[in-house]
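Input: a single structure, listed below in structure tokens.
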Amino acid sequence: MNEENFAGNIIVNLANLPDFLRNPILKKRMIEFFTLGEQERNEVINNALEAGPTIPFPNFAKLFKTWLKILTTLPEEQREGLFSAYITEIARSPHKLITFNLDGILEIYLSLEEEEKETIAKTVKKIISNLDEDSKRRMLLVVPDNAKGHLNF
């Protein structure tokens, strides 16, 4: 990760914070995402995708679970906006997802409450279903089969 990846550096720092600090800071940053222009949003998404695999997995797991839990509390429009930004970028450049511990990410998802899992699965499925066929194909190529099963793809 280069010095110019400020969003990535913030992500690394957030991952190292205790829960009581990480939760409100991350929620504030997630809500601020919607005040950014499209170019800034794309930069944040790309920086996050670059930073994620560089974080030791136990810290990443805490951060990712916090992120997912916060997403389930956001209005559907915001949840869809955030997931859509990531899914669109991954469909455009599938190699960005390959460097992540996808089995570990699935385990984090599976550790959520049933209602939280349903909320996330519904949103992700809706976004992927609405992709053009080529983007959908590229996206589904990098999603592990066991994850597809849990998302009902």
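The values are calculated or read from the model by the stated rules, or taken from the named source; none is laboratory data. This is a predicted model, so every value here is computed, not measured. A quick note on method: Cβ atoms are made from the backbone with ideal geometry, for glycine too, and the neighbour counts reach across all protein chains shown.
Note on region 68-92: residues that are within 13 Å of the chain's Cα centre (by Cα) and free of Cβ contacts under 8 Å to residues at least 24 places away in the same chain total 0. Residues being without any contact (Cβ under 8 Å) to a residue 12 or more places away in the chain and either in contact with a helix residue (DSSP H, G or I) (Cβ under 7 Å, 6 or more places away or on another chain) or crowded, with 18+ Cβ neighbours inside 10 Å (or both) are represented in region 18-34 by at least one member.
So that you can scan it fast, the table gives a plain yes or no per residue for (1) at pLDDT below 95; (2) more than 24 Å from GLU77 (Cβ to Cβ):
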position	(1), (2)
ASP103	yes, yes
LEU112	no, no
THR119	no, no
VAL124	yes, no
ARG137	yes, yes
LEU141	yes, yes
PRO144	yes, yes
PHE153	yes, no
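Here the condition is being over 23 Å from ARG41 (Cα atoms) and of a type in the set (A, V, I, L, M); of LEU82, LEU74, LEU97, LEU112, it holds for LEU112 alone. For ASN47, the conditions (1) surrounded by 15 or more Cβ atoms within 10 Å (Cβ to Cβ); (2) farther than 21 Å from ARG92 by Cβ all hold with the exception of (2). Scanning region 99-143 for residues that are part of a helix (DSSP H, G or I), among the aliphatic types (A, V, I, L, M) and surrounded by 12 or more Cβ atoms within 10 Å (Cβ to Cβ) gives LEU102, ILE105, LEU106, ILE108, ILE120, ALA121, VAL124, ILE127, ILE128, MET139, LEU140, VAL142.
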